[in-house]
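Chemist: Pasting a structure below so you can have a look.
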Amino acid sequence: MRIVTVGAGPCGLYASRLLSGLGHEVTILEEHPSVGRPVQCAGLVGTPVVERFGREAVINTIDSALIRLGTRSLELHRPGVAHVLDRTRFDASFASGLDIATSSHVTGVRAAGDGTYRVDAAGTVYEADLVIGADGPRSVVRKSMGFSAEVRQYTACQERIVQDVPDEHRVLVEVCRPFFSWAIPEGGGILRVGTFGRQRDLDAFKEHAGLSGGVIERTVACVPVGKAQLVRGGAVLVGDAAAQTKPLSGGGIYYGMCAAEFLASAVEAEDLSLYPAAWQRAFGREVSFGLAARRIYERMSPHDLSRVFDVLCENKDRIEDEADFDRHSSLARLFIGNPRLFAVLGRYLFSMFS
């Protein structure tokens, strides 16, 4: 089968590698001049990512998190709970041996009428039996092929700065809607600081956190949150193009890499409908929970948010023991039956569905 993958991020590369290993003819079209650049990700992942997809790109390990809401804080500890990736190295680890056409900006995808597809890129037309849209939040494949989607885009900005920190294995998270701000140590006196919002929001966070180191690199990214149709004819979406992200954090590497495996299995079985079915079984409820929790979080008053933070602080030991980095619904057990939160969360749930 002739397959064209649009986008050489980790999900597109991994799906392409799996499908190439099954004997398919795979061509990858990447709009940028090289794989893994520019970096548009905080690069903090849970242990399952490095256990399943390799540790070669890990440059630091995180053992704790300091979470702040205003002047209050909660410090959580769990050795090796997360890992900091060199994203360029991580992406490149999946690229070896693949047919990748860089500087190939895709402008459109269309059905040819004979069961095949045409992909227009940089003046060249590629023919394909299957098109994989792994081309990010503003996917050209999704738009060209008319995939249905309910996706909200959030802007995030990040800097790498030279900054000494007291603990190079602890991340700082400052609660601020619509998501949060972060400071992630790479090690060696380099810190990744970012926020969801504009540069002025990042500058305000840095000032509040006392981070004044020199800027090495700045990036701006778009983070998709929501749901999208995964299969339409002989075209499929994976990764950010499919909004396969955690609604409460925006992270998408783990979900997207798992989706690439589901997709490859469906292609091998010659039944693309198996792909969305596998995705739904693995992550459907998790994403639905996250979307509902996000709507509550964004609507919550500062007073009610403070009350939720109180309960988190009181349940510090349970969070350290039970919380799952990639499955945020694990926190729901802390709230079920808690009388202090029932009135708060119940009120917001009622307003959402009334």
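The values are calculated or read from the model by the stated rules, or taken from the named source; none is laboratory data. The structure displayed is predicted, hence computed values, not measured ones. Backbone-built Cβ (ideal geometry, glycine too); neighbour counts: all protein chains shown.
Chemist: Quick check on the range 12-29: of everything there that is under 18 Å from Met257 (Cα atoms) and out of contact with any Leu (no Cβ under 9 Å at 6 or more places or on another chain), which residue is surrounded by the most Cβ atoms within 10 Å (Cβ to Cβ)? Outline the logic, then answer.
Modeler: First, the residues of the range 12-29 that are under 18 Å from Met257 (Cα atoms): 12-22, 26, 28.
Filter again for out of contact with any Leu (no Cβ under 9 Å at 6 or more places or on another chain), leaving 12, 14, 21-22.
On the way: Gly12: 30, Tyr14: 27, Gly21: 12, Leu22: 14.
So, considering only residues that are under 18 Å from Met257 (Cα atoms) and out of contact with any Leu (no Cβ under 9 Å at 6 or more places or on another chain), the one surrounded by the most Cβ atoms within 10 Å (Cβ to Cβ) is Gly12.
Per-residue answers, yes or no, for (1) among the β-branched types (Val, Ile, Thr); (2) over 20 Å from Val45 (Cα atoms); (3) in the same structural domain as Ala332 (by TED's automatic domain parsing):
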| site | (1), (2), (3) |
| --- | --- |
| Glu261 | no, no, no |
| Glu268 | no, yes, no |
| Pro276 | no, yes, no |
| Asp304 | no, yes, yes |
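Chemist: Given the condition touching a Gly at 6+ places or on another chain (Cβ under 6 Å) and assigned to a loop (DSSP other than H, G, I, E, B), answer yes or no: does some residue in the range 156-167 qualify?
Modeler: Yes: the range 156-167 contains one or more residues that are touching a Gly at 6+ places or on another chain (Cβ under 6 Å) and assigned to a loop (DSSP other than H, G, I, E, B).
Chemist: Here's another thing I want to ask about it. Within the range 199-216, is even one residue β-branched (Val, Ile, Thr) and within 16 Å of the chain's Cα centre (by Cα)? Walk me through it before giving the result.
Modeler: Initially, the range 199-216 is screened for residues β-branched (Val, Ile, Thr), giving 215-216.
If we keep only those that are within 16 Å of the chain's Cα centre (by Cα) as well, we get none.
No: the range 199-216 contains no residue that is β-branched (Val, Ile, Thr) and within 16 Å of the chain's Cα centre (by Cα).
Chemist: Residues that are within 19 Å of Ala241 (Cα to Cα) and of a type in the set (S, T, N, Q): does the range 154-174 have at least one?
Modeler: yes
Chemist: Tell me which residues, restricted to the range 296-328, are within 21 Å of Tyr254 (Cβ to Cβ) and assigned to a loop (DSSP other than H, G, I, E, B).
Modeler: Those that are within 21 Å of Tyr254 (Cβ to Cβ) and assigned to a loop (DSSP other than H, G, I, E, B): Ala323, Asp324, Phe325, Asp326, Arg327.
Chemist: Among (1) farther than 26 Å from His24 by Cα; (2) in a helix (DSSP H, G or I), which single condition is Phe262 missing?
Modeler: So Phe262 meets the others, but not (1).
Chemist: Taking into account only those residues within the range 152-179 that are under 18 Å from the mean Cα position of the chain (by Cα) and surrounded by fewer than 20 Cβ atoms within 10 Å (Cβ to Cβ), which is farthest from Ile59 (Cα to Cα)?
Modeler: Among those that are under 18 Å from the mean Cα position of the chain (by Cα) and surrounded by fewer than 20 Cβ atoms within 10 Å (Cβ to Cβ), it is Arg152.
Chemist: Right, next: Here are some residues: Gly136, Gly97. Which one is more than 12 Å from Ala235 (Cβ to Cβ) and either out of contact with any helix residue (DSSP H, G or I) (no Cβ under 8 Å at 6 or more places or on another chain) or exposed (fewer than 13 other Cβ atoms within 10 Å of the Cβ) (or both)?
Modeler: Numbers: Gly136 fails: either out of contact with any helix residue (DSSP H, G or I) (no Cβ under 8 Å at 6 or more places or on another chain) or exposed (fewer than 13 other Cβ atoms within 10 Å of the Cβ) (or both).
That would be Gly97, the only listed residue that is more than 12 Å from Ala235 (Cβ to Cβ) and either out of contact with any helix residue (DSSP H, G or I) (no Cβ under 8 Å at 6 or more places or on another chain) or exposed (fewer than 13 other Cβ atoms within 10 Å of the Cβ) (or both).
Chemist: Another question, then. Restricting attention to the range 180-219, which residues are acidic (Asp, Glu) and either part of a strand (DSSP E or B) or crowded, with 21+ Cβ neighbours inside 10 Å (or both)? Walk me through it before giving the result.
Modeler: Filtering the range 180-219 down to residues acidic (Asp, Glu) leaves 186, 201, 203, 207, 217.
Glu186, Glu217, listed by residue number.
Chemist: Condition first: in contact (Cβ under 8 Å) with a residue 24 or more places away in the chain and acidic (Asp, Glu). Now tell me which residues in the range 107-122 satisfy that.
Modeler: none
Chemist: Could you tell me which of the residues Ala241, Ala235 is over 20 Å from the mean Cα position of the chain (by Cα), assigned by TED's automatic domain parsing to the domain that holds Leu263 and buried (at least 18 other Cβ atoms within 10 Å of the Cβ)?
Modeler: On the way: Ala241 fails: over 20 Å from the mean Cα position of the chain (by Cα).
That would be Ala235, the only listed residue that is over 20 Å from the mean Cα position of the chain (by Cα), assigned by TED's automatic domain parsing to the domain that holds Leu263 and buried (at least 18 other Cβ atoms within 10 Å of the Cβ).
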